[in-house]
Amino acid sequence: MTGITEIAPDVYWLGARHPELQVFDELFPTHNGSTYNAYLVRGRDKIALIDTVKGLFAEDYLAKVAALVPLNQIDLVVVNHTEPDHSGALEALLERNPNIEVYCTKPAENFLKQLYDIPMKTRVVAEGQEIDLGGKTLRFLLAPYLHWPDTMFTFLPEQQLLFSCDAFGAHFCADGLFDDEVPDFSSDFNGYFDAIMRPFKDKIREAVAKVEGLDIRLICPSHGPIRRRDPKTVIASYRNFAAPPPETGRKRALLLTLSPHGNTRKMAAAVRAGMESRGVEVVEKSMFGVSAGDIRDELERADALVVGTPTINRDAPPPVWQALSLVSTITPRGRIGAVFGSYGWSGEAVKLIEERLVGLKYTLAAPGLHYRFAPTEADIAACRGMGEQVAAALVGDK
Ligand code: FEO
């Protein structure tokens, strides 16, 4: 049957191709479609499926499984991750064979119960637990938050295959199945890490440590090409992507401003001077026209985030909300915050942004400051005092 490839003796790819996909999960643009990779492992005694596919492709997937093995002879399915692009065919699979055992983590078991209203024989696995399929072993390596709490890897040591689910994947669909059969997809691989994995760098470092010492011949992710050209380099790239930001030995604040008439920026200069007077390194960026990547890079390096926002039509303007929406896409180094801004009529923005920072788990180092139109000398002095308070929260009173 077309659409099935034996990637190692008695190990098969039987995933789904989705070349026309333009936006993944209605969130992330995909420039070259994607694939939902799923696998079948045939041991002497047991037959296992590794993940399934998006529900849209469930019937095609079941037909592929059945072309290899009658569905009533499948013993178990490993759910490395429950997100529906990989578990979407599970319900249809279990309807055909309710005796299939579902191997997954504890969080995955909880999620499956909430995702699918169907009886399931779940088997919760522990770190390092193995199943012997008969000549083939499946070893489970927990990898929480790559990128959901439920995620794990499955390693097949006899053939040195790592089934890594989303990790080491890419939204990329081409005619070939292996990385040496397709055009360069490094930008898709890098963009995928940035969009999906970047918020969990500390967890990625832990997961990479579990697999970088293994002899791996193939990395079999759930999206994009199977990696056989240089698996160690693929793993090393995650080690590099997830490296902590460089230490400068100084506390660092990111000062984000938006200032239609220059008044908020005057306040910013005083806040900055207050921080710098206490030895804090300040990086200042306008929220107008700056790239999301620049803000994310600086947020990761910053111990404090100080926001200067005007109020327009009783709200903070869209670039301010846009900038703050990036916090959840990275791992901030520190979560000290402060907010200030000039306004003309009503001045709600400072309060709203303070609430947003608190919602993002920041601790406010100083009460918000908002002044009508141009700040007075006394206002400027208060702004400098805010900067000093932020610095005190970072480095203590000197
Ligand atoms: Fe590809 Fe997190 O699902």
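We did not get these values from a lab; they are worked out from the coordinates using the rules stated. Please read these numbers as outputs of a predicted model, since none were measured by experiment. Cβ placement follows ideal geometry from the backbone for every residue including glycine, while neighbour counts extend to all protein chains displayed.
So the values come out like this:
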{"quantity": "Percentage relative contact order, the range 113-242, counting C-alpha pairs under 8 Å, at least six apart", "calculated": "24 percent"}
{"quantity": "FRET efficiency for GLN322 and ASP132, using Cβ-Cβ distance with R0 set to 51 Å, rounded to 0.05", "calculated": "0.50"}
{"quantity": "Excluding exposed DSSP-loop chymotrypsin sites (Phe, Trp or Tyr not before Pro) (at most 15 other C-beta within 10 Å), longest clean stretch of the chain", "calculated": "1-287"}
{"quantity": "Evaluated at q = 0.14, 0.19, 0.23 Å⁻¹: base-10 log I(q)/I(0), Debye formula over Cα of the range 54-126", "calculated": "-0.39, -0.73, -1.06"}
{"quantity": "Three principal axis lengths of the range 5-241 [C-alpha, angstrom, descending]", "calculated": "42, 37, 34"}
{"quantity": "Whichever aspartates and glutamates have a C-alpha closer than 15 Å to that of LYS106, once near sequence neighbours (fewer than 8 apart) are set aside", "calculated": "GLU83, GLU127, ASP150"}
{"quantity": "Enclosed volume per residue, in Å³, of the convex hull spanned by Cα atoms of the range 11-59", "calculated": "78 Å³"}
{"quantity": "The chain - percent relative contact order, Cα under 8 Å, separation 6 or more", "calculated": "11 percent"}
{"quantity": "For the chain, convex hull of alpha carbons as volume per residue, Å³", "calculated": "149 Å³"}
{"quantity": "Compactness of the range 1-129 - radius of gyration and Dmax, Cα, Å", "calculated": "14.5, 42"}
{"quantity": "Separation in nanometres of the label points that stand 7 Å from Cα toward Cβ, at LYS113 and LEU71", "calculated": "2.6 nm"}
{"quantity": "Flagged links, alpha-carbon separation over 32 Å, of LYS266/LYS361; LYS46/LYS201; LYS121/LYS361; LYS64/LYS136", "calculated": "LYS46/LYS201; LYS121/LYS361"}
{"quantity": "Gain upon complete extension [ASP184, THR329; 0.36 nm per residue less C-alpha separation]", "calculated": "49.6 nm"}
{"quantity": "Residues LYS285 and ASN240, FRET efficiency given R0 of 35 Å [Cβ-Cβ distance, rounded to 0.05]", "calculated": "0.90"}
{"quantity": "Around THR311: net Lys/Arg minus Asp/Glu count, Cβ-Cβ under 11 Å", "calculated": "+1"}
{"quantity": "Estimated FRET transfer efficiency (GLN159, ASN97; beta-carbon r; R0 35 Å; 0.05)", "calculated": "0.85"}
{"quantity": "Percent of C-alpha pairs per 5 Å bin, the range 215-342, short to long", "calculated": "2, 10, 17, 18, 14, 11, 7, 7, 6, 5, 3, 1, 0"}
{"quantity": "Computed label-point distance, nm, for sites GLU26 and GLU6 using a 7 Å Cα→Cβ extension", "calculated": "4.3 nm"}
{"quantity": "Per DSSP, loop trypsin sites (Lys or Arg not before Pro) in the range 1-49 with at most 14 further Cβ within 10 Å", "calculated": "ARG44"}
{"quantity": "Rg/Rg_ref, the range 148-253, where Rg_ref = 2.2 N^0.38 Å and atoms are Cα", "calculated": "1.13"}
